[in-house]
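Following: one structure in structure tokens, then a few remarks.
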Amino acid sequence: ILEDDARIIRGTMPNGLSYYLVSNSSIKGFADFTFIQKNGVAMEDSSTKGMTYLMECMALTETHNFPDGAIFTFMDDMGLNRTDGLVIKAEDYYTTYSFQNVPVSKNASVTDSMLLAMFNMSSALIVNDRSVERGKNFLKNTYCAGQTLERRIKDSLARFYYAGTPLAPAPEKELFRLVDRYTAGDVEAFYRTRCRPDMQAIVIAGDIDAAAVESKIRALFQVIPKPD
């Protein structure tokens with residue numbers, strides 16, 4: 001909940017998508033672009049365990065404008081570091097994708113390009129047999145790469161303290177087994193049910209013309225239908 005602040009432009013579109021735009025000229029020439037999805041491991045049940053992680057990976061590997069992992073080449077073109085330029089946090093109830101320190105003054109199309117990237121993450125996933133398999137493989141690779149000693153200890157403690165609740169993380173082998181069983185139909189059903197505009201938000205903060213960006217958001221994201 002944000003207090004009233006003249007710097008913040010906020011709104012909710014007819015399809016339910018929310019946005020928060022903060023003009024901060026002290027960050028000269030740069031801005032952060034964040035897409036938030038109200039979807040996390042605590043909201044999964046036995047039939048959707050691991051689906052949140054799979055959606056996260058497919059948002060990077062298989063979208064209509066950025067197929068076959070082209071989002072990473074796009075980041076290179078935008079001048080963003082592949083490691084630090086995009087920070088993804090899969091929390092208990094939310095997943096956030098944050099493009100940080102985007103050089104919005106680089107050229108006039110940077111803001112439009114970043115909005116297109118978030119549009120693809122929000123509502124333009126490609127869901128078919130091939131894309132789902134690619135997402136599964138990407139999940140396994142990134143999950144294993146992130147299993148540091150600190151992460152393993154944290155997960156072990158969470159399994160102990162949250163045993164029997166949705167907050168208990170599945171062991172690695174169990175997670176992979178559950179994800180491997182999902183078909184393209186399973187993924188499509190989850191995606192259409194849970195990845196909806198009324199469960200999503202955009203937050204942009206930095207050296208931006210907030211009113212102009214608001215107009216761009218409304219023009220681009222209005223094509224996403226309101227969920228039934």
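The values are calculated or read from the model by the stated rules, or taken from the named source; none is laboratory data. Keep in mind it's a predicted model, so treat the numbers as computed, not measured. Neighbour counts are summed over all protein chains in view; Cβ atoms, including those assigned to glycine, are modelled from backbone coordinates with ideal geometry. For accessibility, only protein heavy atoms count, side chains too; no ligands or nucleic acids. Shrake-Rupley method; radii C 1.70, N 1.55, O 1.52, S 1.80 Å.
Table for the structure above
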item	result
Residue count, the range 1-49 (criterion: outside any loop (DSSP other than H, G, I, E, B), under 14 Å from residue 214 (Cβ atoms) and open to solvent by 50 Å² or more (accessible area, probe 1.4 Å))	3
Near pairs, Cβ below 8 angstrom, 6+ apart or cross-chain, from the range 5-27 (within 17 Å of residue 122 (Cα to Cα) and of a type in the set (A, V, I, L, M)) to any residue that is open to solvent by 80 Å² or more (accessible area, probe 1.4 Å) and assigned to a loop (DSSP other than H, G, I, E, B)	13/222
Count of the range 187-215 residues which are out of contact with any Gly (no Cβ under 6 Å at 6 or more places or on another chain) and crowded, with 17+ Cβ neighbours inside 10 Å	18
Selection within the range 88-112 - surrounded by 15 or more Cβ atoms within 10 Å (Cβ to Cβ) and part of a helix (DSSP H, G or I)	110, 111
Residue match in the range 69-86 (condition: at negative phi, crowded, with 18+ Cβ neighbours inside 10 Å and among the hydroxyl-bearing types (Ser, Thr, Tyr))	no
Matching residues, the range 120-154, being part of a helix (DSSP H, G or I), under 20 Å from residue 190 (Cβ atoms) and open to solvent by 30 Å² or more (accessible area, probe 1.4 Å)	123, 129, 130, 133, 134, 137, 138, 140, 142, 143
Matching residues, the range 159-186, being in a loop (DSSP other than H, G, I, E, B) and surrounded by 14 or more Cβ atoms within 10 Å (Cβ to Cβ)	162, 166, 167, 168, 169, 170, 182
Tally, over the range 50-68, of residues that are closer than 14 Å to residue 189 by Cα and either among the polar types (S, T, N, Q) or surrounded by fewer than 22 Cβ atoms within 10 Å (Cβ to Cβ) (or both)	1
Condition met for residue 98 (out of contact with any Ser or Thr (no Cβ under 8 Å at 6 or more places or on another chain) and either closer than 24 Å to residue 217 by Cα or free of Cβ contacts under 8 Å to residues at least 40 places away in the same chain (or both))	no
Residue selected from the range 204-228 under the condition assigned to a loop (DSSP other than H, G, I, E, B) and over 17 Å from residue 124 (Cα atoms), by the criterion modelled with the lowest pLDDT	228
Residues of the range 186-203 satisfying the condition of being among the acidic types (Asp, Glu) and either closer than 21 Å to residue 131 by Cβ or modelled with pLDDT under 95 (or both)	186, 188
Selection within the range 50-80 - of a type in the set (S, T, N, Q), part of a helix (DSSP H, G or I) and touching a residue at least 60 places away in the same chain (Cβ under 8 Å)	61
